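For reference, the structure is listed below as C-alpha cells.
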Amino acid sequence: MYSRRSIPPIPLITALLMVLAGLVQLVTLCRGMRYFSVPVSFLYLLAFGIYVYFAVVLLLRRRDLLLVVGAAGLCLLNLFSLFASFYSLWSVLGSLLLLLASLGLLAWAACAVLPALAPHQPVTETLWFLPGAVAALGVFLTVAASGRAGSLFSGLLTIAIYFFLGITLVFPSGRLTPTYSGPGDFDSAQPEPAPPEWDGTCDLIKHVLLLLFTFGVWYFIWIYRTTAYLNRVEDEPWRTPVNQLLLCLFVPFYTVFWAYKSAQRLEKLSGTRADDEDLTVLCLLLALFIPFCPPILMQDRMNSLVLGNAPREPEDLAEQLRVYQKLAEDGLITQEDYGAKKRQLLGL
C-alpha cells in the first residue's frame, strides 16, 4: 500500500519541474557570472532558491503557510524581474503579466491553506487555469522581446510550472474534481482516497521515450514509484519514497547508490532465477558510466517478473510445487530455496 505521505502524480511532476527550473537558473548563472551585473546575478540566485524551496515543500506534502511563503517568493521574484525588464515595452508587459500570474497563485495558495478564505475555494476550482494562461501570454511577450531562441525552453518550462502549480494548489489529489462543498468543509473534509498501487509494469518503449524526452523528469518520477514498489521485498528496511527522491535530486552520485540497492532488492524479489544474478553489478557499472541504461534494465526486469507471475493452470502449478518439495525433502535444495521458488510460482 502507499504510505500516507505518497505524492500524487501531478504534485510530483510539479516539484520535479521546479527542480529543473532551479537547475536551469543555476547553470545560467554559472555560465554568465563574469558578464552579469550584481543585480542580475542576484536575480538568478533568488530564482534558484525559490524554485528549490517550493519543490521541497511540495515533495514533503506540506499544505500550510509554507505554500503561501513559496507563492509569495514567486511574486517577489517576478517583481524584481519587472524592475529589470525596462528595456522594451514588450518585456515590461511580459514581466507584468508574469507578476499577475504569480499573484494569482498566491491567492490560490491562500484559499487552499487559510480557513478564513476557504469559502472562496469554489472560485479557485473554476478558474484554476487562469494563472497558467496569464503566464503563457507573459512568456510569449518576454521571449518575443528578447529575440533569443535559448529563452524558449525556459519559457515553456515556466508555463508548465504555472499550470501544474495551479492544479496542485487547488486540487490536492491532482484530479480536477471539486473538494469544497460549503462552509465548514475546509476543516472537516474527508481525506482523499489513496491512489491505486502501481503494479510495477510500464511499456518499455514508452519508458524509453519518456526517459529521453522529459529532461529527467520521468526518471525521477520512476525512481519515486520504483522505491515504493520495491518496499514489498521481505527482510529489507522500509525506504521512504520522498526521502529517496530528495537524495537523488540533491546529493551527487546518490542515484548510483540508489540503482545498486534497488537492483539488489529486485534480484531478491526475483527469487532464485539464475539470469538475475548479475543485475546488481551491471546496474552499478552502467549507473557510473551510462546512467540512461539502469532504469531500462530494471523496468524490463519488473515487467518480466509481473507478467511472468500470471496465473497458471492449477494442475501445472501443483505439479511443479510437488517436484520442488520432493527435491527439498531429498536434500537436493534447501528449504529456503523451496520457499523462494514457491513464492515465485504463487506470485507472492
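Residue-level check: of (1) at pLDDT 90 or above; (2) touching a Phe, Trp or Tyr at 6+ places or on another chain (Cβ under 9 Å), Q121 misses just (1).
To keep it simple, each residue is scored yes or no on (1) open to solvent by less than 80 Å² (accessible area, probe 1.4 Å); (2) within 20 Å of the chain's Cα centre (by Cα); (3) not small (G, A, S).
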| position | (1), (2), (3) |
| --- | --- |
| E197 | no, yes, yes |
| L204 | yes, yes, yes |
| R225 | yes, yes, yes |
| A228 | yes, yes, no |
| P237 | no, no, yes |
| F250 | no, yes, yes |
| Y254 | yes, yes, yes |
| V281 | no, no, yes |
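Taking the condition assigned to a helix (DSSP H, G or I), buried (at least 22 other Cβ atoms within 10 Å of the Cβ) and out of contact with any strand residue (DSSP E or B) (no Cβ under 8 Å at 6 or more places or on another chain), does A72 pass? No, not satisfied.
Taking region 100-110 as the region of interest, how many residues are in contact (Cβ under 8 Å) with a residue 24 or more places away in the chain and surrounded by fewer than 22 Cβ atoms within 10 Å (Cβ to Cβ)? Before you say what the answer is, go through the steps one by one.
Step one: filter region 100-110 for residues in contact (Cβ under 8 Å) with a residue 24 or more places away in the chain, giving 100-106, 108-110.
From what is left, the residues that are surrounded by fewer than 22 Cβ atoms within 10 Å (Cβ to Cβ) are 100, 103, 106, 110.
Selection size over region 100-110: 4.
Do we find a residue being within 29 Å of Y224 (Cβ to Cβ) and either among the hydroxyl-bearing types (S, T, Y) or open to solvent by 30 Å² or more (accessible area, probe 1.4 Å) (or both) anywhere in region 76-88? Among the residues of region 76-88, not one is within 29 Å of Y224 (Cβ to Cβ) and either among the hydroxyl-bearing types (S, T, Y) or open to solvent by 30 Å² or more (accessible area, probe 1.4 Å) (or both), which makes the answer no.
The values are calculated or read from the model by the stated rules, or taken from the named source; none is laboratory data. Keep in mind it's a predicted model, so treat the numbers as computed, not measured. Don't worry about glycine lacking a Cβ; one is built from the backbone with ideal geometry, like all the others, and counts go over all protein chains shown. Note: areas computed on protein heavy atoms with side chains; ligands, DNA, RNA excluded. Shrake-Rupley method; radii C 1.70, N 1.55, O 1.52, S 1.80 Å.
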